[in-house]
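Please read the structure below before turning to the comments.
The values are calculated or read from the model by the stated rules, or taken from the named source; none is laboratory data. Keep in mind that this is a model prediction, so the values were computed, not measured. Here the Cβ is made from the backbone with ideal geometry for all residues, glycine too, and neighbour counts use every protein chain on show. Keep in mind that these areas ignore ligands, DNA and RNA; they rest on the heavy atoms of the full protein, side chains included. Shrake-Rupley method; radii C 1.70, N 1.55, O 1.52, S 1.80 Å.
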Amino acid sequence: MFFGDSWGCSSPALPILEDQILRVATRLGLTKVIVSGHIKISASGGWFCPVCGDKKLPGVQLPYGTTGMHTGGSHDICSCCETEYGLDDWSPGLSCLDAEWARVRLDWLDRSGWNAEALAQLEQNLGLTEAELRARQG
């Protein structure tokens, strides 16, 4: 389930609904991936880096709280793309984290040489195809 898109912003009320859905899915034992504040979270409690799609284990702190809208970021660093949440994906006057994640994602892909493993990880975990990413490259 996904509210909004991976490049834009959705209504501020939607993360609250998404969080409620996640709690119900967890109680029901569902393994379907749900997006909370544009951060994909599995019913088991793990989540995926919003920049590179690297899977994080349950219990690892979310970069922006449960809604994805916490100001400042956690300042944790993704072991895969080396994004420091709250520094690399944050700028003055920021109104939408998704736009920053898209920018940082393209920088990471450029550094990685757009390799097949990185592209497969983005498609599998974040649902982003190479064609979509290259269209945003311009």
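Within the range 41-64, which residues are at pLDDT below 90 and touching a His at 6+ places or on another chain (Cβ under 7 Å)?
Correct list: Tyr64 only.
Identify, by number, the condition in (1) hydroxyl-bearing (Ser, Thr, Tyr); (2) under 21 Å from Gln124 (Cβ atoms); (3) modelled with pLDDT of 80 or more that Ser74 doesn't meet.
(2)
Which condition number does Ala118 fail, the rest of (1) among the hydrophobic types (A, V, I, L, M, F, W, C); (2) surrounded by 15 or more Cβ atoms within 10 Å (Cβ to Cβ); (3) modelled with pLDDT under 95 being met?
Evaluating Ala118 over (1) among the hydrophobic types (A, V, I, L, M, F, W, C); (2) surrounded by 15 or more Cβ atoms within 10 Å (Cβ to Cβ); (3) modelled with pLDDT under 95 leaves (3) as the failure.
Does any residue of the range 82-93 turn out to be part of a helix (DSSP H, G or I) and within 14 Å of the chain's Cα centre (by Cα)?
No, the range 82-93 has no match at all.
Would it be correct to say that Thr67 is among the β-branched types (Val, Ile, Thr) and at pLDDT below 90?
So Thr67 passes the test.
From the set of residues in the range 88-115 that are touching a residue at least 40 places away in the same chain (Cβ under 8 Å) and farther than 12 Å from Cys52 by Cα, which is most open to solvent (accessible area, probe 1.4 Å)?
Ser95
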